[in-house]
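The values are calculated or read from the model by the stated rules, or taken from the named source; none is laboratory data. Computed from a predicted model, the values in this text were never measured in an experiment. No Cβ is skipped: glycine too gets one built from the backbone with ideal geometry, and neighbour counts run over all protein chains shown. Please note that ligands, DNA and RNA were not included when accessible areas were found on the heavy atoms of the full protein model with its side chains. Shrake-Rupley method; radii C 1.70, N 1.55, O 1.52, S 1.80 Å.
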Amino acid sequence: MIIVLRAHASEEDIRRIEETLKGIGLAAHISRGVERTIIGAIGDERKLVTDLFEGLPVVEKVLRVLSPYKLVSRDFQKEDTVIDVNGKKIGGSAIVLFAGPCSVEGREMMLEIGDSVARSGAAFLRGGAFKPRTSPYAFQGLKEEGLKCLAETRERTGLPVATELMDPRDIDVVARYADIIQIGARNMQNFRLLTEVGKLDKPVILKRGMSATIQELLMSAEYIASEGNRNIILCERGIRTFETITRNTFDVSAFPVLKSLTHLPVIADPSHAAGKASLVEPLAAAAIAAGADGLMIEVHNHPEKALSDGPQSLRPEVFERMIARLKNVAEAVGRTL
Ligand code: PEP
Ligand code: MN
């Protein structure tokens, strides 16, 4: 249920409604917009008695939210969520770039890739230190040593770091080094993990599971938001279909659909969708045209030697040329890159 307050509502009015909700066992999530304050009443739907609030002079209207996700829905918040990370904005008119290798493989490569993607206009550095690998015998990531390489690269380039957290047991170490925590496709429905990152005061990139519907993605985002963390960035990275030529099928419809259903920023990861370096640029262009708020691109200085996802990784100079061309696509849809 959403309680929309009149423009003159005071802090005292808000507090009183919050108390009433608590009294009937519901949590109040408050969204202070420019025009008006909205209170989301979350909890057991049977306790949602609209008449308790409808008559109050300070209440403009009370709405039942029909979708199963509440806090992340456009009904709850009309304006786009803009996430500020060290002054860089995700979800505004500028399209943000996350770039870096699939896995952090060492200090030198991170510094070299970091320097080059920073020069090409990346706003954030990406790189996995804890890697979700299909085979237990494949490279699993450098763990804390990898996080240290990311931190050193951040210091040198000024680029904030996004890196994956796979297990609640690693949350402290990952949160110590990361500016943004990534939840990978394979963990999109790891509800314990979602609950834990929901308690953090750090933005989260939530990647769509490879067999997840858009509604399931939004329900997972709701898990995070319901714990208090509303700084969530959704990421379309391709879904599994009968097609095998591409690694995944890039769901371009996810951008306009998500932008209509949720206020959260939505970014695209064409690298994992494509699985092939040559397909990254057309998919990135399609994502921008369809309304993506950012791109996450895998870049490696020696893709042929990469310990993971080499075939889909772009060489730094290819990345640079791609970004130059994509600027025109962004401009065509009224955005900047
Ligand atoms: C990654 O970003 O390197 C990754 C493992 O992505 P996904 O979870 O989308 O497969
Ligand atoms: Mn990867």
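Has region 327-336 got any residue that is more than 14 Å from ligand 1 (Cβ to nearest atom), among the hydrophobic types (A, V, I, L, M, F, W, C) and more than 23 Å from the chain's Cα centre (by Cα)?
Yes, region 327-336 contains a residue that is more than 14 Å from ligand 1 (Cβ to nearest atom), among the hydrophobic types (A, V, I, L, M, F, W, C) and more than 23 Å from the chain's Cα centre (by Cα).
In this entry, Arg186 is excluded by the filter for residues that are without any contact (Cβ under 8 Å) to a residue 40 or more places away in the chain, among the basic types (Lys, Arg), open to solvent by 30 Å² or more (accessible area, probe 1.4 Å) and assigned to a helix (DSSP H, G or I).
Looking across Ser278, Ser226, one residue alone is touching a residue at least 24 places away in the same chain (Cβ under 8 Å) and not basic (Lys, Arg). It is Ser226. Could you tell me how many of the residues in region 123-144 are away from ligand 1 (no atom under 15 Å from the Cβ) and either within 18 Å of Pro303 (Cα to Cα) or of a type in the set (Ser, Thr, Tyr) (or both)? Selection size over region 123-144: 1. Kindly indicate the residue of region 167-183 that is within 14 Å of Val104 (Cβ to Cβ) and not in a helix (DSSP H, G or I) and also nearest to ligand 2 (Cβ to nearest atom) among those meeting that condition. The extreme case among them is Gln182. So for region 246-261 (the condition being within 27 Å of Leu71 (Cβ to Cβ), free of Cβ contacts under 8 Å to residues at least 40 places away in the same chain and within 15 Å of ligand 2 (Cβ to nearest atom)), does at least one residue qualify? The answer is no, given that none of the residues of region 246-261 is within 27 Å of Leu71 (Cβ to Cβ), free of Cβ contacts under 8 Å to residues at least 40 places away in the same chain and within 15 Å of ligand 2 (Cβ to nearest atom).
The residues listed here are Lys199, Lys207, Lys143, Lys148; of these, the one that is of a type in the set (Lys, Arg) and at positive phi is Lys143.
Against the condition surrounded by 20 or more Cβ atoms within 10 Å (Cβ to Cβ), over 24 Å from the mean Cα position of the chain (by Cα), closer than 23 Å to Ile224 by Cβ and of a type in the set (A, V, I, L, M, F, W, C), how does Leu21 come out, does it pass?
When the stated conditions are applied, Leu21 passes them.
The single condition among (1) closer than 27 Å to Ala285 by Cα; (2) open to solvent by less than 40 Å² (accessible area, probe 1.4 Å) that Ala9 does not satisfy is (1). Taking Glu196, is it open to solvent by less than 50 Å² (accessible area, probe 1.4 Å), more than 14 Å from ligand 1 (Cβ to nearest atom), part of a helix (DSSP H, G or I) and not β-branched (Val, Ile, Thr)? When the stated conditions are applied, Glu196 does not pass them.
Looking at region 199-311, the helices (runs of 4 or more DSSP H) lying wholly inside it that each contain 1 or more residues that are open to solvent by 50 Å² or more (accessible area, probe 1.4 Å) and out of contact with any strand residue (DSSP E or B) (no Cβ under 7 Å at 6 or more places or on another chain) sit at 214-226, 254-261, 277-289.
Only a single item in (1) surrounded by fewer than 16 Cβ atoms within 10 Å (Cβ to Cβ); (2) farther than 30 Å from Gln215 by Cβ; (3) within 16 Å of ligand 1 (Cβ to nearest atom) is not met by Arg176, and it is number (3).
Quick grid of which residues meet (1) open to solvent by less than 10 Å² (accessible area, probe 1.4 Å); (2) part of a strand (DSSP E or B); (3) within 16 Å of ligand 1 (Cβ to nearest atom); (4) among the hydroxyl-bearing types (Ser, Thr, Tyr):
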residue: Ala99; (1), (2), (3), (4): yes, yes, yes, no
residue: Met109; (1), (2), (3), (4): no, no, yes, no
residue: Gly121; (1), (2), (3), (4): no, no, no, no
residue: Lys148; (1), (2), (3), (4): no, no, no, no
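Looking across region 160-173, the residues that are open to solvent by less than 10 Å² (accessible area, probe 1.4 Å) and among the hydrophobic types (A, V, I, L, M, F, W, C) come down to Val161, Ala162, Leu165.
For region 36-78, a residue qualifies if it is of a type in the set (A, V, I, L, M), free of Cβ contacts under 8 Å to residues at least 60 places away in the same chain and not in a loop (DSSP other than H, G, I, E, B), and the qualifying residues are Ile38, Ile39, Ala41, Leu52, Val59.
Look at Pro311 and say whether it is farther than 15 Å from Ala330 by Cα, over 21 Å from the mean Cα position of the chain (by Cα) and within 14 Å of ligand 1 (Cβ to nearest atom). So Pro311 passes the test.
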